[in-house]
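Any read-out appearing in this document is the output of simple, stated calculations on the displayed coordinates, not a laboratory observation. Nothing here was measured: the structure is a model prediction, and the numbers come from that model. FYI the Cβ positions are ideal-geometry reconstructions off the backbone, even for glycines, and counts take in every protein chain you see.
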Amino acid sequence: MVKNTLMQVWPIPAFDDNYLWCIHDGQSALIVDPGDAAPVLQYLSDHKLTLTGILITHHHADHTGGILALLDVLGSHIPVYGPAHIDIPGRTQAMMEGDQLTIAAPGISFKVFEVPGHTLTHIAYFANMQANVEEPMLFCGDTLFASGCGRLFEGTPTQMSQSLTKFSVLPKNTLVYCTHEYTLSNIRFALAVEPNNANLINWANTASKLREQQLPTLPTTIGQELQVNPFMRCDQAEVIDCALRVSGEKSLPSPAHVLAVIRAWKDRF
Ligand SMILES: [Zn+2]
């Protein structure tokens, strides 16, 4: 049998709408944000994969709840990477802005971004193209969603705006592995902000068809989000006009102010 060394990424559905992403080369696997251990153990067993690492983006239970059970069953030698500035049960490797991590099996390297907003200590993992990674990949947790962004539980609109700006300069073909299937409701809101965005209207049709077939709408790409995601378009005229209308303000001095208005509107939409 020829060993498949190209990296693959598959969603493991959990809870109502979470995706636990499994990155593997046919033999060794990493899991991103295992909120629940049971579906991960089932997936690893079904596909005869060995878990060699766990990547955590932020401390919420639906992203961390399965860590200790996975270590219990599969061995406490498995490294757990997570944000440095908050306690994550089971974390062994504390990650900060600019850190590089390389995992020997499957052979893959990531760069770490600190992306406060949804939480203050949220991080994201970016894998650029490398020997066995054909397209760049971003594991962004609950910071960026397809056509939306995470709720601001801890951070400010300015922090979220800066975090999304870090993503916006990544290669446009970067595959974005968001951790929730929120796409259709995000699209409903995005259409309220930008009813005339032709790319968004097309995407609404495509995404509806995917969900009718119970298929994931993810991964998305950075290029796609720059075209359809109002939270990554806070410098665009139609998004600014909408924010002015919703807020009743005469002017909004920065994209972060625009983001603040539309994020608050989304919270009550
Ligand atoms: Zn969260």
Subject >> Matching option when the condition is of a type in the set (Gly, Ala, Ser) and without any contact (Cβ under 8 Å) to a residue 40 or more places away in the chain, among Ala260, Ala190, Ala256, Ala204 >> reply: Ala204
Original post:
From the set of residues in region 132-143 that are outside any strand (DSSP E or B) and within 19 Å of Ile222 (Cα to Cα), which is farthest from the ligand (Cβ to nearest atom)?
Top reply: Glu134
**OP:** Only residues in region 120-132 that are within 20 Å of Gln27 (Cα to Cα) and free of Cβ contacts under 8 Å to residues at least 40 places away in the same chain count as the first member; pair them with residues that are within 16 Å of the ligand (Cβ to nearest atom) and not in a strand (DSSP E or B), Cβ under 7 angstrom, at least 6 apart or cross-chain, and list the lot.
**Re:** none
**OP:** For region 67-103, enumerate the residues that are in contact with a strand residue (DSSP E or B) (Cβ under 8 Å, 6 or more places away or on another chain) and among the small types (Gly, Ala, Ser).
**Re:** Gly82, Ala84, Gly90, Ala94, Gly98
**OP:** Report the residue count in region 156-187 for those that are within 16 Å of the ligand (Cβ to nearest atom), under 16 Å from Ile262 (Cβ atoms) and of a type outside the set (S, T, N, Q).
**Re:** 3
**OP:** Could you check His63 against (1) without any contact (Cβ under 8 Å) to a residue 40 or more places away in the chain; (2) farther than 18 Å from Met137 by Cα; (3) buried (at least 19 other Cβ atoms within 10 Å of the Cβ); (4) not basic (Lys, Arg) and say which number it fails?
**Re:** (1)
Subject >> Options Gly26, Gly82, Gly98, Gly107; residue that is surrounded by 22 or more Cβ atoms within 10 Å (Cβ to Cβ) and out of contact with any Asp or Glu (no Cβ under 7 Å at 6 or more places or on another chain) >> reply: Gly82
**OP:** Please identify the pairs in which a residue from region 151-180 that is of a type in the set (Asp, Glu) has its Cβ atom under 6 Å from the Cβ atom of a residue that is within 13 Å of the ligand (Cβ to nearest atom), counting only partners at least 6 apart or on another chain.
**Re:** Glu154/Thr119; Glu154/Leu120
